[in-house]
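Report on one structure; see the data block that follows.
The values are calculated or read from the model by the stated rules, or taken from the named source; none is laboratory data. Small disclaimer: the values here were computed from a predicted structure and weren't measured. Glycine also receives a Cβ, built like all others from the backbone with ideal geometry; neighbour counts cover every protein chain displayed. What goes into the accessible areas is simple: the full protein's heavy atoms, side chains included, and nothing from ligands, DNA or RNA. Shrake-Rupley method; radii C 1.70, N 1.55, O 1.52, S 1.80 Å.
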Amino acid sequence: MKALRVIISGGGTGGHIFPALSIAGKLKEINPETEILFVGAEGRMEMEKVPAAGYRIIGLPVAGLQRNLSLSNLALPFKILKSLKMAGKIIDEFRPDIAVGVGGYASAPLLWCASRKKIPALIQEQNGYAGLTNKILGKHVGKICVAYEGMERFFPADKIVMTGNPIRAEIVPGTAEMKEEAARYYGLDPEKKHIFIVGGSLGSRTLNESMKKWISEGCPGGEGTEVLWQCGKYYKESIDRFAAEAGDKMRFIHHTDFIQRMDLAYAIADVVISRSGASSVSELCAAEKAVIFVPSPNVAEDHQTHNAMALVRKGAAKLVTDGQAPEKLMQTACALLKNEDECRQMEKNIAALARRDAADKIAREIYSLV
């Protein structure tokens, strides 16, 4: 296929950035001569992650509306106007064949300007509940690639294409060899059952507090179990202090701020506890894991609950609310771990929802629009 000039815009969280990088990688795989420019929001994590992946990125001063009363809201109209002007200039200079939006603040001015300049445009919506930016832009783009059913609530039905969310290529169902490697890599006992708790790169206060309470109580129900606990960079020092004070209670608990080999962590886990961001949900489907979701309440439109419930309704996951987690989470996880039949059924149900060719499908939609 011919080389394209592509702008990919959006970001703000890993849930936006990693799918964007996956789409870029697939386009470069199809034709290495394809030129890709990222457009992000100044000060957000894409300004670091995208260059680390080898792509050029330009930052816009755009920001989101603060839901509480804030002086920063007064500057927002000026930031939007400046971002629109910059987006128009970027398009004029780069001359893209297509603009791709992955959600987040930066996609709004870029896709708006692209549609006004008659540049083909496509949205990749990761969540089961569309964000405000994508809902507004949906009327102006040619295709909307989604990962959940029922998105006609938010977008014109004739523009929707079910593709799933692009994920890292290394996330696959765990093999016996991967489990052995995981045990060596993380210093785990391959003869024990394993719970993997993943709270994201910064960590999750709720998941960490739930673990601390369970450990302080002597890990009830956790006999014969090891826990791989990703506590996050933000909480690492406080968890280190807690672990030192907990002493022998921590002997089967392995805590770390960051998971370097997510494929191996998934492979050895019998049960996973996770937030339900779109990328996490898609990876867990591909890894075919029994999972308990604890949706974050601190996201727009409560979309993590919508993401989780799409799986819960199909018997592919369990849900414990953020408020219930300190009392119920580890009790639920230990009970599930002991019920092998339920675990196997959940693994079978979640595997049926996996879409491993999402990046390929999105790339094909990009070419069809161009």
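Observations, loosely collected:
- Extension gain from LEU132 to ALA52, taking 0.36 nm per residue of separation minus the Cα-Cα distance: 25.9 nm
- Just the protein heavy atoms count here, and of the accessible area of the chain at 1.4 Å, carbon and sulfur take up 52 percent.
- P(r) of segment 85-232 over all Cα-Cα pairs, binned every 10 Å from zero, in whole percent: 10, 26, 21, 19, 17, 7, 0
- Of all aspartates and glutamates in the structure, those lying under 17 Å Cα to Cα from LYS26, and not within fewer than 8 positions of it along the same chain, are GLU35, ASP97, GLU170, ASP357, ASP360, GLU365.
- Here the translational diffusion coefficient of segment 225-304 follows from Stokes-Einstein with Rh set to the Kirkwood radius across Cα pairs; for 20 °C and 1.002 mPa s it amounts to 152 µm²/s.
- Remark: spin-label model distance LYS192-ASP302 equals 3.7 nm, labels positioned 7 Å along the Cα→Cβ axis.
- Placing R0 at 30 angstrom, the Cβ-Cβ distance between GLN324 and GLU170 gives a FRET efficiency of 0.35 after rounding to 0.05.
- Near the amide H of LEU319, within less than 5 Å, lie the amide hydrogens of PHE293, all on another chain or at least 5 residues away, with H placed in the peptide plane.
- Förster-model FRET efficiency, 25 Å R0, HIS254 and GLU342, C-beta, rounded to 0.05: 0.50
- With protein chains left intact and a 1.4 Å probe, residues in the chain average 46 Å² of accessible area per residue.
- The label-point distance for SER201 and SER368, in a model that sets each label 7 Å from Cα toward Cβ, rounds to 3.3 nm.
- When nucleic acids and ligands are ignored and a 1.4 Å probe is applied, TRP112 ends up with an accessible area of around 90 Å².
- Difference of contour (0.36 nm per residue) and Cα-Cα distance, ASP357 to GLU209: 49.6 nm
- In order through segment 199-207: 3J(HN,Hα) via Karplus (6.51 cos²θ - 1.76 cosθ + 1.60), integer Hz, x for Gly, Pro: x, x, 4, 7, x, 10, 4, 5, 5
- Estimated FRET transfer efficiency when R0 is 25 angstrom, pair PHE78-HIS140 (beta carbons, to 0.05): 0.60
- Lysines with Cα under 16 Å of LYS89, excluding same-chain neighbours fewer than 8 positions away: LYS79, LYS117, LYS118
- Around the amide H of SER9, modelled in the peptide plane, lie the amide H atoms of VAL39, VAL100, GLY101, VAL102, all under 5 Å away and 5 or more residues distant in sequence or on another chain.
- Packing-based ranking of 324-334, 301-311, 343-353 yields 301-311, 324-334, 343-353, ordered from highest to lowest mean Cβ neighbour count within 10 Å.
- Normalised by 2.2 N^0.38 Å, where N is the number of residues, the alpha-carbon radius of gyration of the chain equals 1.03.
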